[in-house]
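Colleague: Next up is a structure, given as structure tokens.
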Amino acid sequence: EAGVAQSPRYKIIEKRQSVAFWCNPISGHATLYWYQQILGQGPKLLIQFQNNGVVDDSQLPKDRFSAERLKGVDSTLKIQPAKLEDSAVYLCASSLVGGSSYEQYFGPGTRLTVT
Amino acid sequence: EDQVTQSPEALRLQEGESSSLNCSYTVSGLRGLFWYRQDPGKGPEFLFTLYSAGEEKEKERLKATLTKKESFLHITAPKPEDSATYLCAPEGTGAGSYQLTFGKGTKLSVIP
């Protein structure tokens with residue numbers, strides 16, 4: 001079974017530039033998550049999709065971050081404009097459905113450095 | 001606000017030296033508690049889900065237990081390949097959705 005795919009793996013940008021990350025979840029997984037993991041911290045949920053609808057985006061900084069999930073499969077996360085404090089690893093995860101009965105499978109992440 | 005505290009932050013063990021990692025949590029409407037392992041440069045990898053106080057689960061040298069306020073990850077006779085960061089994540093109802101709140105993790109180093 002193929003895992004969660006993410007690209008790019010690394011990205012370096014200057015502050016105020018924009019950047020986009022892509023995620024392809026495990027086939028058949030209805031729920032998709034984007035997390036931000038700052039060095040030395042645990043992952044923090046940014047947004048959760050169920051199919052192509054948003055379930056929870058309460059921790060997404062909506063003035064600069066946006067995310068979409070087209071056709072309930074792939075997803076993109078965008079930052080515009082980036083700030084220095086956005087430097088982090090952005091993790092995508094998927095699960096069959098939401099809820100504690102189903103574990104989340106994580107991709108390898110995209111390491112973003114904002115200079 | 002949901003809170004999760006993991007201790008110690010870092011732990012160095014000799015190969016074969018057993019120990020325990022602690023996860024203390026305050027979560028609204030706990031539905032389950034997850035343990036993940038994270039290797040450098042990789043995403044977290046699922047280990048266990050615990051649902052109720054008194055529950056225990058085992059996998060190879062790892063055993064996870066749950067109380068009403070804490071979870072423990074016991075490592076018996078660890079090997080160098082057990083070196084990783086171990087993350088605890090209780091799942092609460094948060095903003096109305098199923099949401100994991102991750103702790104900062106315990107970085108385990110097992111020395112041969």
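We did not get these values from a lab; they are worked out from the coordinates using the rules stated. Since the model is a prediction, treat every value here as computed from it, not as a measurement. Neighbour counts are summed over all protein chains in view; Cβ atoms, including those assigned to glycine, are modelled from backbone coordinates with ideal geometry.
Colleague: Take the cross-link list B:LYS42/B:LYS107; B:LYS79/B:LYS107; A:LYS11/A:LYS83; A:LYS15/A:LYS71; A:LYS44/B:LYS59; A:LYS62/B:LYS107 and give me the ones stretching past 24 Å between alpha-carbons.
Modeller: Cα-Cα > 24 Å for A:LYS15/A:LYS71; A:LYS44/B:LYS59; A:LYS62/B:LYS107; rest within.
Colleague: Then there is this: For B:ASP82, B:ASP39, A:ASP74, which order do you get if you count the other beta carbons within 10 Å of each Cβ and list the fewest first? Provide the component values of the computation, followed by the final result.
Modeller: Details: B:ASP82 18, B:ASP39 12, A:ASP74 15.
So the ranking, lowest neighbour count to highest, is B:ASP39, A:ASP74, B:ASP82.
Colleague: Between the alpha-carbon centers of the range A:1-75 and the range B:71-112, tell me the distance in whole angstrom.
Modeller: That distance is 22 Å.
Colleague: Now for a separate question. Wrap a convex hull around the Cα atoms of the range B:10-111, take a quarter of its surface area, and give that in square nanometres.
Modeller: Numbers: hull surface 24.8 nm².
So the Cα hull casts an average projection of 6.2 nm².
Colleague: In what order do A:SER94, B:SER52 fall by count of nearby beta-carbon atoms within 10 Å, going from fewest to most?
Modeller: B:SER52, A:SER94
Colleague: Please arrange B:LEU21, B:LEU47 by counting, for each residue, the other beta carbons lying within 10 Å of its beta carbon, fewest first.
Modeller: B:LEU47, B:LEU21
Colleague: Regarding the protein assembly as shown, what's the average projected area of the Cα-atom convex hull, expressed in nm²?
Modeller: Reported value for the Cα convex hull: 12.1 nm².
Colleague: Given the convex hull over the Cα atoms of the range A:13-97, what projected area results after averaging over all orientations, in nm²?
Modeller: Over all viewing directions, the range A:13-97 projects a mean Cα-hull area of 5.4 nm².
Colleague: Considering only DSSP states other than H, G, I, E and B, which GluC sites (Glu not before Pro) in the range B:1-86 qualify as loop sites with at most 14 other Cβ atoms within 10 Å?
Modeller: B:GLU1, B:GLU9, B:GLU15, B:GLU17, B:GLU60
Colleague: Pairs of Cα atoms under 8 Å, at least six residues apart: use those to get the relative contact order of chain B, whole percent. Write down the numbers at each step before the final one.
Modeller: Numbers: 292 pairs, mean separation 41.6, N = 112.
The normalised contact order for chain B reaches 37 percent.
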